[in-house]
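Here is the structure we will look at.
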Amino acid sequence: MHEPNPLLNWELFPNFPSITADHVVPAMQEVIARSSAELETLEQSAPRTWHGLLTPLERLTDRVARAWGVATHLHNVRNSPEMREAYAQTQPLVVEFHNRLGQSRPIHDALLALRESPDFPTFSQALQRTISLLVRDAILQGVGLAPDDRERFNAISQELAELSTRFTNNVLDATQAYALTLTQKDEVAGLPEDSLRLAANMARTRGQAEATAENGPWCITLDLPSFLSFMQHAARRDLREEVYRAYITRAAAGDTDNLPHIRRILKLRAELAALLGFENFAEVSLERKMAPGVASIEALLRTIQDAATDPALNDLIDLGDLARSGGQSEDIQPWDVMYWAERLKERRFGLRDELIRPYFPLPAILQGLFELIESLFGVRIESGDEVPTWHADVTYYRVKDSDGREIAGFYLDPYARPEEKRGGAWMDELHGRSTVCAPRGHAVRLPVAYVNCNQRPALDDAPSLMSFQEVTTLFHEFGHALQHMLTTVEHGFVAGISNIEWDAVELPSQFMENWCYHLPTLTKLARHYRTGEPMAAELLDKLLETRTFRAGSNALRQVSFALTDLALHTADPDQLDPTETAQRIAREILPLPPLPEDRFLCSFSHIFAGGYAAGYYSYKWAEVLSADAFGVFADAGPDPARNGDLGRRFRNTILALGGSRHPMDIFRLFRGREPDPRALLLQEGLLPANKDN
């Protein structure tokens, strides 16, 4: 008897342990064939009513998205040669399906007829926006192109998808390939105890069964928890240099060299833009953004640059002074920055990483985060242990409203697994809220999110002890998840995070980060994992002060990345040297220029394998929105009831409305006005509080 495919045979939750790479290709072939047949039927009737058109359209697109979403997720968190092969074999089918759908002239004509019908003004705002966005997306997918141009557009789309996957795999492989094994205690001088445990644990996973934190051997990798800890604490300058040079040249040579892929990606994106009638790919990207144009983006970035330049120069001077007083005769080099910045933070604030981590055990941080979410938004989070997951460290949680109704859920995958899981932290969706796609016996399908981090796992007898940066990262990803889960929109195309302009989608994530710097919240969070004692008040104050520590340097780094991204996507790729462009912009902006061999572009997955092409500026754009939005809460003081009222307002606007309205309209609903860029500069300590302009 034919066994059902577990990638398809589920309604509420996939049976992740049963899904293998062998299931991916037949599952995707089946769902694409079925949805393609339904699309052909729909094209023949092309109904001019919203229900007759959008209901089947949502069903057939959702069917493909759900199956492909699970396959993509497993490709990210349970990577293997077999999964890569299945993914690569299937991806062209998915791209072909989406192009076929987006380029359907009968569907496009029916959508245009709906938009121009006398009934259109009577539709809900969510429905009007759904129709308008589908029309826009069809244009951007080449519905209006001549047959030859459409064929070329489709070929470009296929190749770009393939290059994106190769880029991601190369970064993962290059990161995995490097390991520095240290055997002498002087080589790990300066590393705190938890970093030594992490390095010994990594050595054991790589075959050194006898490795211990006390006696080694210790293994340093380019996985972020290992890399950052070593760069911040290792006293051996020569070893920091070795590890740093390896990090900045990841995926820049040999079989994993991404530079040829970068050149090809930029060339193809420019060609795609030309086919669609745009001057460059940045213009294509901005069709789905809040920002009105490149000039307005550059104006914001230059405003931040102007405010941050002098503070960043002072940051570098401070590091140089401290290094000289610490016996370093050479000028500060890039591999010195994190080390001496950590020493400066210790001296200025009395804070050391090993002093802070014991106060941020993951279980307690989750409890504090869940309590904050309940206080602000009136929802409770409970463990759903019976739901199957893809790894033993993953937990499923149910989200319930104040009346006890289950309204959403999420999987939390907190720990780094460099052998199979991509780096960084991200949120994605299993599926979104939808009435059309509700399971049998349910009025609505509840949204479910994935929250993925890459922090240190529990080691020995201690839980996962988090750095403060890892705490803010967790809060950040939960901001994304909350916007996905707390939506009240029932049209799947614009529910939750779907179809939110990309430079607004970071608003909730950065808003949640701000609570890590809210003293009453931080006081509740920071408790020692052994004793339960709260962090001392003076340490809490110092931790809050670190928010503006090296704010100028951090801001310029982000401005440099954003301007590089824009330059790469506005220039003629035939006249462009990507590496030289990145180097030139960094030299213009950063007080400490990059090394000539720096190839950070080769691991810049955000713009070459993510959704941030010509959109990396979105982080700073959304930081303006989030800083201004959070200002309402900061002005309300520590009163939790008042914050709760404001939290409900935030939930009912920013979180609930999702992509159903333009983000500027939603922001105005919450804030009562348009955002003020000065809010970000004030928050980062780059603008005096009494400055009027």
Mind telling me which of the residues Val95, Val171, Val143 ends up being at pLDDT 95 or above and touching a Leu at 6+ places or on another chain (Cβ under 9 Å)?
-> Val95
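Going by what's in this entry, would Gly190 be described as closer than 30 Å to Asp257 by Cβ and out of contact with any Cys (no Cβ under 7 Å at 6 or more places or on another chain)? If you could, list the steps in order and put the result at the bottom.
Working: closer than 30 Å to Asp257 by Cβ: no; out of contact with any Cys (no Cβ under 7 Å at 6 or more places or on another chain): yes.
No; evaluated as a whole, the condition is false for this residue.
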Would you list the helices (runs of 4 or more DSSP H) that sit entirely within the range 238-347 and hold 3 or more residues that are more than 30 Å from Ile500 (Cα to Cα) and touching a residue at least 60 places away in the same chain (Cβ under 8 Å)?
-> 294-325
Sole miss for Asp186 among (1) over 30 Å from Tyr87 (Cα atoms); (2) more than 29 Å from the chain's Cα centre (by Cα); (3) touching a residue at least 40 places away in the same chain (Cβ under 8 Å); (4) not in a helix (DSSP H, G or I) is condition (4)
Options Ser605, Ser553; residue that is among the hydroxyl-bearing types (Ser, Thr, Tyr) and either surrounded by fewer than 21 Cβ atoms within 10 Å (Cβ to Cβ) or modelled with pLDDT under 95 (or both) | Ser605
So is Ala582 in contact with a Phe, Trp or Tyr (Cβ under 8 Å, 6 or more places away or on another chain) and without any contact (Cβ under 8 Å) to a residue 24 or more places away in the chain or not?
-> yes
Scanning the range 559-572 residue by residue, those surrounded by fewer than 20 Cβ atoms within 10 Å (Cβ to Cβ) and either in a helix (DSSP H, G or I) or hydroxyl-bearing (Ser, Thr, Tyr) (or both) turn out to be Ala567, Thr570
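Looking only at residues that are within 14 Å of Arg671 (Cβ to Cβ) and in contact with a helix residue (DSSP H, G or I) (Cβ under 8 Å, 6 or more places away or on another chain) in the range 635-654, which one is modelled with the lowest pLDDT?
Taking the range 635-654 and keeping what is within 14 Å of Arg671 (Cβ to Cβ), we get 635-636, 646, 649-650, 652-654.
The next check asks that each one be in contact with a helix residue (DSSP H, G or I) (Cβ under 8 Å, 6 or more places away or on another chain); those that pass are 636, 646, 649-650, 653-654.
Details: Ala636: 84, Leu646: 94, Arg649: 96, Phe650: 97, Thr653: 98, Ile654: 98.
That would be Ala636.
If you go through the range 378-387 one residue at a time, do you hit one that is within 30 Å of Phe227 (Cβ to Cβ), touching a residue at least 12 places away in the same chain (Cβ under 8 Å), in contact with a helix residue (DSSP H, G or I) (Cβ under 6 Å, 6 or more places away or on another chain) and crowded, with 19+ Cβ neighbours inside 10 Å? Outline the logic, then answer.
So in the range 378-387, the residues within 30 Å of Phe227 (Cβ to Cβ) come out as none.
So far as the range 378-387 goes, no, none of its residues is within 30 Å of Phe227 (Cβ to Cβ), touching a residue at least 12 places away in the same chain (Cβ under 8 Å), in contact with a helix residue (DSSP H, G or I) (Cβ under 6 Å, 6 or more places away or on another chain) and crowded, with 19+ Cβ neighbours inside 10 Å.
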Mind checking whether some residue in the range 96-110 is farther than 21 Å from Leu275 by Cβ and crowded, with 20+ Cβ neighbours inside 10 Å?
-> yes
How many residues of the range 191-214 are part of a loop (DSSP other than H, G, I, E, B) and surrounded by fewer than 16 Cβ atoms within 10 Å (Cβ to Cβ)? The answer is 5
Failed item in (1) surrounded by fewer than 20 Cβ atoms within 10 Å (Cβ to Cβ); (2) within 30 Å of Tyr415 (Cα to Cα), with Arg59 passing the rest = (2)
Those residues of the range 80-126 which are within 19 Å of Arg136 (Cα to Cα) and among the small types (Gly, Ala, Ser), in sequence order = Gly102, Ser104, Ala110, Ala113, Ser117, Ser124, Ala126
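The values are calculated or read from the model by the stated rules, or taken from the named source; none is laboratory data. Bear in mind the structure is a predicted one, so any value in this text is a computation, not a measurement. Note that each Cβ is placed from the backbone with ideal geometry, even for glycine, and that neighbours are counted across all protein chains shown.
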